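Throughout, read-outs are computed from the coordinates displayed, never taken from laboratory work. Being a predicted model, the structure only gives us computed values, none of them experimental. Here the Cβ positions follow ideal geometry from the backbone for every residue, glycine too, while neighbour counts run over all protein chains shown.
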Amino acid sequence: LSSLVLSVGGAGPAVHASVRPTAAAAQVASMQDVVPVPVKVEPATGADHTITSDTAIYTQTGSAGVGDYLAALLRRSTGYPLPVKTAPGTPADGISLLLTGADPSVGDQGYQLDVTTAAVVVRANKPAGLFAGVQTLRQLLPAAVESTSTQPGPWVIPGGRIVDYPRFAYRGSHLDVARHFFTVDEVKRYVDEISLYKVNYLHLHLTDDQGWRIQINSWPRLATYGGELEVGGTPGGYYTQDQYRDIVAYAQSRGITVVPEIDMPGHTNAALASYAELNCNNTAPPRRTDIEVGYSSLCISKDVTYKFVADVIREVAALTPGPYLHIGGDEASATPQQDYITFLNKVLPLVQQQGKIAMGWHDIVNATPPTSAVPQYWGTETSHGGVQAAAKRGNKILMSPANKSYLDMKYNSSTRLGLSWAGFIEVQTAYEWNPGSHLSGVTESQVFGVEAPLWSETLLNIDDIEFMAFPRLPAIAELGWSPQSTHNWNAFRQRLAAQGPRWQVMGVDFYRSSQVPWK
Ligand code: TNX
């Protein structure tokens with residue numbers, strides 16, 4: 001798959017128009033084969049539902065957006081008109097997306113799905129729940145439904161009932177667009193892929209030593225000069241504010257909230273190279289495109305540093321409808337400890353002043369952040385005194401242990417891409433941990449959620465992203481969504497195997513791990 005030719009929801013030409021449905025793709029999916037595994041699945045024999053050229057999608061006030069999304073998705077491969085209509089009182093046929101009558105257990109993000117011969121009904125309390133239900137529906141259709149060209153069908157959905165809701169409200173995926181720059185279309189394609197697994201946050205690592213990737217009007221050279229290169233010295237790039245808004249809106253339409261990260265006070269060489277006054281010695285360093293870490297720092301003692309940070313946070317906050325803004329804070333080895341604390345004590349309130357909740361890599365616990373701030377644990381140990389103390393004070397912890405959830409780690413010693421400082425991470429390793437008990441002294445209720453970081457030192461394009469994310473991203477997504485009581489590697493790898501034909505149709509370049517019995 002060429003990284004320039006994308007099959008994102010109509011944004012580009014069909015990539016795999018030539019893919020024919022395989023035997024597996026034409027079979028009826030099993031209600032048990034959904035990833036992440038739902039809370040409760042009750043298959044019903046003789047109740048399969050077939051989508052036909054007469055099928056309509058029924059919506060209510062508040063669910064029309066999800067209806068339009070589902071219709072667009074299904075029209076591509078079925079070729080059916082699938083009109084989106086206002087729901088009648090009682091659903092009698094077609095696919096209904098309703099914000100009434102859901103099982104009370106489903107909360108704000110869950111859904112209830114009923115499939116009978118006559119009709120398919122998704123019920124939820126909020127559009128987010130309907131969106132999750134639609135992703136389940138997508139996985140219950142044959143893999144060929146992912147095709148961007150018309151396929152023969154039949155489009156059968158297995159009969160039964162699913163009642164489903166997430167274990168954690170925050171299920172994140174992180175993408176480093178700083179080390180290597182990815183285009184808007186590449187990011188959108190990744191958004192489509194992760195939404196299939198009910199990931200609801202996309203954390204964009206927008207700045208680092210090697211590149212600044214977001215236009216800041218009050219400091220324009222950050223992007224135009226600081227964004228020009230990437231790792232290896234090849235041309236980088238940046239998102240204009242309009243392009244960033246476009247990514248945010250696209251993600252939103254797929255149930256995903258963008259969390260922008262501006263990494264500081266370390267990981268700032270691109271900024272320091274762009275503006276001499278940000279350096280303590282008033283001298284801009286050369287731009288760097290190697291992959292060293294821990295050598296750069298904003299100048300903690302200068303007033304202009306805080307003018308700079310306030311301007312950047314204000315502009316990024318204004319572009320971002322979501323509640324969170326990530327300030328990095330990791331690996332600030334070039335910042336003396338007391339300076340680091342001084343810096344964070346000045347910067348954390350700036351985030352709050354812009355109406356955002358601060359997130360940061362767990363290094364921020366060294367500065368005793370307010371309990372509203374979310375430290376993101378990225379260590380490889382199963383205990384961390386500072387993080388445990390923060391949890392005790394009331395901070396919720398986002399779990400991204402590097403030796404489990406880092407999608408940029410190699411699968412094994414012969415993996416072509418990736419790093420290995422946190423070890424090799426095969427699919428089973430990515431799956432076999434419990435976010436609710438992984439860190440000693442950090443209990444389930446103190447866990448904010450789970451996130452799978454994807455750093456891009458070695459990743460050049462969307463193919464590389466896909467190869468590292470699939471199939472591990474679905475493993476992490478399941479840890480974030482499904483109850484711990486469902487955790488079972490043998491069952492998981494079977495369900496994961498059923499995703500393979502889907503990825504083939506989507507043109508996802510996934511890693512065919514020998515641990516998974518691919519179909
Ligand atoms: C550590 S994890 C980093 C990143 C690197 C990554 C590579 C973290 C907060 N910082 O700067 O890209 O390792 O795996």
**Asked** Which lysines have a Cα lying under 18 Å from the Cα of Lys40, excluding residues fewer than 8 positions away in the same chain?
**Response** Lys198
**Asked** If you take all C-alpha pairs in the stretch 345-462, what percent of them are over 21 Å apart?
**Response** 43
**Asked** Over the chain, what is the relative contact order in whole percent, taking alpha-carbon pairs under 8 Å and six or more residues apart?
**Response** 15
**Prompt:** Angle, helix 303-319 long axis vs. longest principal axis of the chain, Cα atoms, 0 to 90°, nearest 10?
**Reply:** 10
**Prompt:** What nm value, rounded to one decimal, do you get for the distance between Arg512 and Asp108 when each label is placed 7 Å out toward the C-beta?
**Reply:** 4.3
**Item:** Cβ charges +1 (Lys, Arg) and -1 (Asp, Glu), total dipole of the chain, debye
**Value:** 800
**Fill in**
By the Cα gyration tensor axes a ≥ b ≥ c (a/c under 1.5 gives rounded; else a/b larger than b/c gives prolate, otherwise oblate), the shape of the stretch 80-135 is prolate
**Asked** Assuming R0 = 30 Å, what is the FRET efficiency of Ala310 and Thr283, from their Cβ-Cβ distance, to the nearest 0.05?
**Response** 0.80
**Complete:** FRET efficiency for Arg393 and Gln353 from the Cβ-Cβ distance with R0 = 30 Å, rounded to 0.05, comes out at 0.85
**Asked** Per residue of the chain, what 222 nm ellipticity follows from adding -39500 (n - 2.57) for every DSSP H run with n ≥ 4, rounded to the nearest 500?
**Response** -8500 deg cm²/dmol
**Request:** Excluding residues on the same chain fewer than 8 positions from Lys307, give the lysines whose Cα lies under 16 Å from its Cα.
**Result:** Lys346
**Prompt:** Given charges of +1 on the Cβ of Lys and Arg and -1 on the Cβ of Asp and Glu, with all other atoms neutral, how large is the dipole of the stretch 230-331 about its Cα centre, in debye to the nearest 20?
**Reply:** 200
**Prompt:** Cα atoms only, the stretch 38-164: Rg and Dmax in Å?
**Reply:** 13.3, 39
**Request:** For the chain, find the longest principal axis of its Cα atoms and tell me its angle to the long axis of helix 64-78, 0 to 90°, nearest 10.
**Result:** 70
**Item:** Given charges at Cβ of Lys, Arg, Asp, Glu: the chain dipole, positive-most of Ala128, His362, Gly62
**Value:** Gly62
**Complete:** When the charge dipole of the chain is computed with +1 on Lys and Arg Cβ and -1 on Asp and Glu Cβ about the Cα centre, the Cα farthest towards its positive end, among Thr52, Leu459, Phe182, belongs to Thr52
**Message:** Just want the ordering: Val309, Val66, Val293, from fewest to most Cβ atoms lying within 10 Å of their own Cβ.
**Reply:** Val293, Val309, Val66
**Item:** P(r) of the chain over all Cα-Cα pairs, binned every 10 Å from zero, in whole percent
**Value:** 4, 19, 30, 26, 15, 6, 1, 0
**Asked** So how tilted is helix 337-353 from the main axis of the chain? Cα-based, degrees 0 to 90, rounded to 10.
**Response** 50
